[in-house]
Amino acid sequence: MLRSVVALAVSLIGLSACQPAATSTTRRQVRSVGYGHVTVYPNYAELTVDAAFTRPRLKDAVAEVQRVVDQVLAVSKRYAPGHDDVRVSSTSSNKEFDYVKGKEVFMGFNSTQSVTVRINDLHRLSPFLEELLATPINRIKDLSYGHSQADSLRREADVLALGDAVKTADKMCAALHVKRGVVLEVSDSSSPESSNTNGYRPSADIELFSKSVGGRGFKMSPELLRFDSQCSLSSALE
């Protein structure tokens, strides 16, 4: 006759059914899941600046882009002096066409170049953006925030998740009046930093068709970053 299987509906727990003819390899287990998270304020921002112009002659378009990129670099290096804080892309040039009265019309040559900047002092981000707006750039894109100690923060969340899984397993064992034995298996998953629980780091794009900021200055307010981890634990029952 089968003996009854004990189950807890409040958590992920598995107790192997005890059969009268169970072999010596059958092992009762308790399985639990733990969660951990660490919330911090970001300590750097990264953004990309686009300069793009269309001119009748290719060399004029390239020269105009280079002039603007030189201005962006001059501003950026004051706010991002680190060796790898400013990165410049290669210049891209193509013919540009438009439709006029149903016909494709050649408009000129378009030249584009981007500058990616990392600001390690967030207090300097707003004045940096204001100075960028004073240059004839076309777009500020991929503005995002992060933390320089992201790897350590993820590991901290992992440890918290493991501790939570152990506590959950111990509480379940206490409720069943059994003793938790050796750990059989542990698995964990951590997420990148995010300002919400969906596991992604949001970014913002700023199209600069009009550079007016209403005389109030330019300000970006980052949200807190959250590092989430989930740990699954399997332990033997004594």
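Some points to look at:
- Single residue of segment 164-206 satisfying the filter (charged (D, E, K, R) and within 23 Å of His123 (Cα to Cα)) that is modelled with the highest pLDDT: Glu193
- Looking only at segment 163-193, and only at residues there that are assigned to a strand (DSSP E or B) and of a type in the set (S, T, N, Q), the one that is farthest from Tyr41 (Cα to Cα): Ser187
- Some residue of segment 48-71 being surrounded by fewer than 15 Cβ atoms within 10 Å (Cβ to Cβ), within 28 Å of Arg124 (Cβ to Cβ) and among the β-branched types (Val, Ile, Thr): no
- Flag if Gln149 is within 20 Å of the chain's Cα centre (by Cα), under 30 Å from Leu122 (Cα atoms) and either of a type in the set (Phe, Trp, Tyr) or modelled with pLDDT of 90 or more (or both): yes
- Applying the criterion of at least 1 residues that are without any contact (Cβ under 8 Å) to a residue 24 or more places away in the chain to the strands (runs of 3 or more DSSP E) found wholly in segment 84-156 leaves 92-100, 103-119.
The values are calculated or read from the model by the stated rules, or taken from the named source; none is laboratory data. It should be emphasised that the depicted structure is a prediction, and the values quoted were computed from it without experimental measurement. With ideal geometry, Cβ positions are generated from the backbone for all residues, glycine too; neighbour counts draw on all protein chains shown.
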